[in-house]
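Have a look at the structure below before the remarks.
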């Protein structure tokens with residue numbers, strides 16, 4: 001009995017330690033974003049201080065962060081809508097028509113997961129430069145859509161497999177066309193999964209750095225690119241970049257709490273149920 | 001018969017747009033990269049390129065920096081993957097015995113780093129590693145370890161990058177393994193306990209083998225991601241100091257966008273992809289991905 005409670009105590013310590021290890025780094029940045037210049041550099045770290053919003057007004061007034069925020073939202077929404085729209089229809093096409101080569105096609109989409117981003121970016125940069133679209137939204141939207149598509153297709157396939165075939169068949173017998181059956185019967189059933197796929201796609205696009213870094217220009221910078229410009233300079237303005245970082249990560253962390261169930265399932269393409 | 005061919009047209013019509021995007025944004029650039037890696041050209045002057053054949057591929061194996069970046073990438077992949085698997089699986093096992101509600105809340109807290117942009121992870125850890133006011137040094141000082149090199153010494157920089165990567169991506173393994181553990185039937189544990197198997201014996205003889213498929217899957221996903229590592233190194237060290245954190249992706253990026261040697265950069269990035277496929281192809285074959293199709 002004593003041994004058992006010792007084990008439980010040890011478990012509790014492990015769980016708490018891992019929680020602190022997870023939260024403290026994020027908490028440090030959020031805290032720094034509300035600190036004055038002087039408090040930021042105080043040693044040892046000040047855990048209690050007078051909060052100020054100066055860093056936020058600095059980041060948004062002369063840091064162009066409002067625009068980066070808009071750019072990020074635009075790229076994330078368009079690329080996710082494309083990936084989820086095209087990917088869901090593609091998954092339906094692959095699974096419910098008894099297509100002969102669907103297995104090979106699925107593997108074709110899977111291969112996309114093995115291509116390093118830089119391998120894709122280098123030729124993409126040259127090609128987009130050649131057609132004169134460098135610095136427009138086309139580059140990041142196309143790249144993010146292409147990276148998300150294979151994952152959405154796989155995820156949607158795993159959701160479609162859970163839908164009983166009889167539902168579709170009885171709709172067809174009632175005189176629905178294939179597309180009507182999809183729209184009226186199947187889509188509403190897989191909607192929670194599709195929503196999760198959309199949020200995960202947006203999260204990727206919102207956080208993605210390397211494509212946005214090279215394919216955008218001053219007017220189309222996304223948030224991660226804007227932050228990398230802050231951090232990249234010789235002396236980092238910790239207050240300003242912490243404010244920018246907090247504004248960038250908070251929406252996605254808050255949304256993450258609600259789709260937590262789908263995080264495991266989503267990132268493994270539905271191979272593991274959450 | 002007519003209805004059958006009509007519906008297969010529809011299937012093609014549904015698949016085509018998605019396939020077109022992947023071809024346009026992935027296959028075409030890859031093909032282009034293969035061709036252009038055979039030419040010496042500067043960005044914007046593709047037509048003035050000089051054909052050099054396999055020169056760049058041969059050059060890679062004589063380039064000390066390139067070979068070093070291959071080594072750095074392999075060390076990073078092995079160390080990050082090893083630590084993340086050990087901690088992730090360990091924490092998942094600890095979580096497994098908890099009441100459902102508590103486990104759900106803890107998982108939500110634990111998964112936060114997963115949602116943070118890698119550039120911000122870089123910012124966070126650069127702040128923590130700062131020698132004058134960073135938290136890491138303040139705590140190291142308490143143990144008399146203030147001479148730790150951190151991000152600025154070649155001997156320790158890669159280790160520091162790995163720690164940051166472990167911080168960000170261990171939750172992924174924790175989440176996936178946790179959901180894998182829920183598929184192990186309760187009776188199995190009962191039987192093990194009745195047979196008198198202790199904690200460690202149950203873990204290594206029963207639990208881990210039963211979720212072997214899941215472990216294989218996370219190894220595959222995290223392993224390929226780690227081998228392609230770019231963002232976190234770019235944000236923390238940019239490949240320095242003294243190229244001690246230079247991964248293959250970072251090296252290709254630098255050759256292309258800082259040295260303007262696009263042809264060589266493409267050759268490096270294609271070699272990266274080939275090594276990645278060679279390393280992980282045996283795992284892909286065995287993983288459940290292929291079984292789905």
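The values are calculated or read from the model by the stated rules, or taken from the named source; none is laboratory data. Just so you know, these numbers come straight off a predicted model, no measurement behind them. Glycine also receives a Cβ, built like all others from the backbone with ideal geometry; neighbour counts cover every protein chain displayed.
A compact table of results
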item: Residue B:196, sole failed condition from (1) assigned to a loop (DSSP other than H, G, I, E, B); (2) surrounded by 14 or more Cβ atoms within 10 Å (Cβ to Cβ); (3) without any contact (Cβ under 8 Å) to a residue 12 or more places away in the chain; result: (2)
item: Test: residue in segment B:67-89 that is without any contact (Cβ under 8 Å) to a residue 12 or more places away in the chain and either outside any helix (DSSP H, G or I) or more than 30 Å from residue B:237 (Cβ to Cβ) (or both); result: no
item: Test result for residue B:155, at positive phi and either more than 10 Å from chain A (Cβ to nearest Cβ) or not in a helix (DSSP H, G or I) (or both); result: no
item: Count of segment B:256-282 residues which are more than 10 Å from chain A (Cβ to nearest Cβ) and under 19 Å from residue A:213 (Cβ atoms); result: 4
item: Lone unmet requirement of (1) farther than 20 Å from residue B:162 by Cα; (2) surrounded by fewer than 19 Cβ atoms within 10 Å (Cβ to Cβ); (3) more than 7 Å from every other protein chain (Cβ to nearest Cβ) for residue B:75; result: (1)
item: Single match in A:172, A:149 (criterion: at pLDDT 85 or above, more than 18 Å from residue A:83 (Cβ to Cβ) and within 13 Å of another protein chain (Cβ to nearest Cβ)); result: A:172
item: Any hit, segment B:5-18, residues being in a helix (DSSP H, G or I), away from chain A (no Cβ under 12 Å) and either within 30 Å of the chain's Cα centre (by Cα) or at pLDDT below 85 (or both); result: no
item: Matching helices (runs of 4 or more DSSP H) fully within segment A:150-250 where at least 2 residues are without any contact (Cβ under 8 Å) to a residue 24 or more places away in the chain and buried (at least 20 other Cβ atoms within 10 Å of the Cβ); result: A:223-232
item: Unmet criterion (only one of (1) surrounded by 17 or more Cβ atoms within 10 Å (Cβ to Cβ); (2) part of a loop (DSSP other than H, G, I, E, B)) for residue B:183; result: (1)
item: Helices (runs of 4 or more DSSP H) completely within segment A:1-101 that count 2 or more residues being outside the structural domain of residue A:211 (by TED's automatic domain parsing) and surrounded by fewer than 19 Cβ atoms within 10 Å (Cβ to Cβ); result: A:2-33, A:37-40, A:54-61
item: When residues of segment B:234-255 are limited to those that are away from chain A (no Cβ under 11 Å) and on the phi < 0 side of the Ramachandran plot, the one modelled with the lowest pLDDT; result: B:240
item: Checklist (1) surrounded by fewer than 24 Cβ atoms within 10 Å (Cβ to Cβ); (2) under 24 Å from residue B:218 (Cα atoms) applied to residue B:257, failing item; result: (2)
item: Selection within segment A:121-146 - without any contact (Cβ under 8 Å) to a residue 60 or more places away in the chain, out of contact with any helix residue (DSSP H, G or I) (no Cβ under 8 Å at 6 or more places or on another chain) and more than 8 Å from every other protein chain (Cβ to nearest Cβ); result: A:131, A:132
item: Some residue of segment B:37-55 being part of a helix (DSSP H, G or I), more than 17 Å from residue A:129 (Cβ to Cβ) and at pLDDT 90 or above; result: no
item: Conditions (1) more than 22 Å from residue B:114 (Cα to Cα); (2) surrounded by 15 or more Cβ atoms within 10 Å (Cβ to Cβ); number of the one not met by residue B:205; result: (2)
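This table checks each residue for (1) at pLDDT 90 or above; (2) under 28 Å from residue B:218 (Cβ atoms); (3) more than 9 Å from chain A (Cβ to nearest Cβ).
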| position | (1), (2), (3) |
| --- | --- |
| B:88 | yes, yes, yes |
| B:99 | no, yes, yes |
| B:122 | yes, yes, no |
| B:132 | no, no, no |
| B:138 | no, no, no |
| B:142 | no, no, yes |
| B:145 | no, no, yes |
| B:190 | no, yes, yes |
